[in-house]
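Structure, as C-alpha cells:
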C-alpha cells in the first residue's frame, strides 16, 4: 500500500502533477493507494495547474474506491490549540 498524505497542503507544478498522475496510473487497479487531503475534489484544480490532469487523476483514484469524508476539527489542530492554551496558562501562572 502506498500512502499519499495531505494532497493540497502544497501546490503542484505541472511536472509534479504529471509525476503523481504517472504514479497513480501505474498503480491503478493493481495496488492499493491511500490518499489523505483536506480539500474536496472540486478544490483540486487550485492545487494542480492542469485541469485535465485533475479529472484523470481523480477518475483513477475514485474508481473501485471508498471515499470517506470526515467532518470535524482536525486532531492535530485540536492538539496544537490545547498545547497553546496550556502554555498560556503556565505563562500567566508564572507572572502572578
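Could you please find all residues in segment 50-66 being farther than 21 Å from residue 1 by Cα and part of a loop (DSSP other than H, G, I, E, B)? Listed by number, the list holds a single entry, 50. When you look at residue 22, is it modelled with pLDDT of 90 or more, more than 17 Å from the chain's Cα centre (by Cα), in a helix (DSSP H, G or I) and closer than 20 Å to residue 1 by Cβ, yes or no? When the stated conditions are applied, residue 22 passes them. So in segment 1-19, with the set limited to residues that are assigned to a helix (DSSP H, G or I) and under 16 Å from the mean Cα position of the chain (by Cα), which one is surrounded by the most Cβ atoms within 10 Å (Cβ to Cβ)? For segment 1-19, the residue satisfying everything is 17.
Within segment 62-76, being over 13 Å from the mean Cα position of the chain (by Cα) and in contact (Cβ under 8 Å) with a residue 24 or more places away in the chain holds for 63, 64. Filtered by the rule that a residue be touching a helix residue (DSSP H, G or I) at 6+ places or on another chain (Cβ under 9 Å) and either surrounded by 16 or more Cβ atoms within 10 Å (Cβ to Cβ) or assigned to a helix (DSSP H, G or I) (or both), segment 35-49 gives 35, 41, 44, 45, 47, 48.
The values are calculated or read from the model by the stated rules, or taken from the named source; none is laboratory data. Since the structure is predicted, the reported quantities are computational estimates derived from the model, not experimental observations. Here Cβ is always computed from backbone atoms with ideal geometry, including for glycine, and neighbour counts include all displayed protein chains.
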